[in-house]
Amino acid sequence: MDLKKIAEEMQPRSMAARDWVFQVIRTAIIRGELPGDMPLRQDEISAALSVSHIPVREAFRQLEAQGLVRIYPNRGAVVTKLSRKELANVMDTRILLEVGALRLAMPNITEDDIAKARTLLDSFSKETDHVKGAELNLELHFALYSPCDNPVLLSLIDQMHANVDRYITPFYGEDNKDELYSLDDHAQFINACESKDMELATAILRTHLQRTKNMLLKSPLLS
């Protein structure tokens, strides 16, 4: 468990210790560096991040609320591991939330939002590091969802991503790049949003997310 590298990426630390520890552990889980069923040791994490036990315990509770960690009375915190049925349920919920966010956002999407999405797509298409690529993909989607002006909805979508993105790690690689990233889908999606074609944009998004769901359900990391 190497949290130090992720912690260094997130420096300088400008948030409360609890929130910073939460973000570091959450990122490690999403990237697959802390796999499902792995125990999380307070002592080890405190030492690795140079913080006391208190923010670590508080971070565990935040992670449990997001479904990424389960806290057992006499066993401590353990990274959760989804079954295929659970992952399918999360993805179905994610599709509903993301399509809903897009429908709310569409009337408010500006030229600046489209330009930002296109810039992210360009960076996304050139990125060779799968971790950075996944982060750019999420940023691209959120650039077009954010105009929905509903932070609760956006937070739920982010939580759904955190719960399932860790299962796509085995598929990263040049051979799967087109299927995994669907660059053409993203380009068409942005174009549909720019032309305010609600039905086309939501159809592209739904198909894209369904394809992601089908790939995730084949993940060997599932229980």
Criterion violated by residue 110 - all others in (1) surrounded by fewer than 14 Cβ atoms within 10 Å (Cβ to Cβ); (2) at pLDDT below 95; (3) β-branched (Val, Ile, Thr) satisfied: (2)
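Given the residues 54, 30, which is the only one that is β-branched (Val, Ile, Thr) and without any contact (Cβ under 8 Å) to a residue 60 or more places away in the chain?
Details: 30 fails: without any contact (Cβ under 8 Å) to a residue 60 or more places away in the chain.
From the options 54, 30, the qualifying one is 54.
Surrounded by 15 or more Cβ atoms within 10 Å (Cβ to Cβ) and assigned to a loop (DSSP other than H, G, I, E, B): does that describe residue 18?
Values: surrounded by 15 or more Cβ atoms within 10 Å (Cβ to Cβ): yes; assigned to a loop (DSSP other than H, G, I, E, B): no.
Criteria not met by residue 18.
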When you go through 47, 77, 59 one by one, which is the residue that is farther than 24 Å from residue 218 by Cβ and surrounded by fewer than 17 Cβ atoms within 10 Å (Cβ to Cβ)? 47
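Could you check, for segment 21-28, whether at least one of its residues is among the basic types (Lys, Arg) and assigned to a helix (DSSP H, G or I)? Give the steps one after another, and end with the answer.
Step one: list which residues in segment 21-28 are among the basic types (Lys, Arg), which gives 26.
If we keep only those that are assigned to a helix (DSSP H, G or I) too, we end up with 26.
Yes: one or more hits.
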Taking segment 188-218 as the search range and keeping residues that are at pLDDT below 95 and not in a helix (DSSP H, G or I), which one is surrounded by the fewest Cβ atoms within 10 Å (Cβ to Cβ)? 218
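When you scan segment 50-161 for helices (runs of 4 or more DSSP H) that lie fully inside it, which ones turn up with 2 or more residues that are assigned by TED's automatic domain parsing to the domain that holds residue 211 and over 16 Å from the mean Cα position of the chain (by Cα)? Don't jump to the end; show me each part of the working.
Details: elements: 53-65, 84-105, 111-126, 130-145.
Answer list for segment 50-161: 84-105, 111-126.
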How do the pairs read when you match residues in segment 184-199 that are in contact (Cβ under 8 Å) with a residue 60 or more places away in the chain with residues anywhere that are among the basic types (Lys, Arg), using Cβ under 7 Å and keeping only pairs 6 or more apart or on different chains? 190/118; 198/103
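Would you call residue 180 surrounded by 14 or more Cβ atoms within 10 Å (Cβ to Cβ), at pLDDT below 95 and not assigned by TED's automatic domain parsing to the domain that holds residue 131? Can you show your working first?
Values: surrounded by 14 or more Cβ atoms within 10 Å (Cβ to Cβ): yes; at pLDDT below 95: yes; not assigned by TED's automatic domain parsing to the domain that holds residue 131: no.
So residue 180 fails the test.
The values are calculated or read from the model by the stated rules, or taken from the named source; none is laboratory data. Owing to the predicted nature of the structure, the values given are computational and were not obtained by experimental measurement. Please note: Cβ atoms are built from the backbone with ideal geometry, for glycine as well, and neighbour counts cover all protein chains shown.
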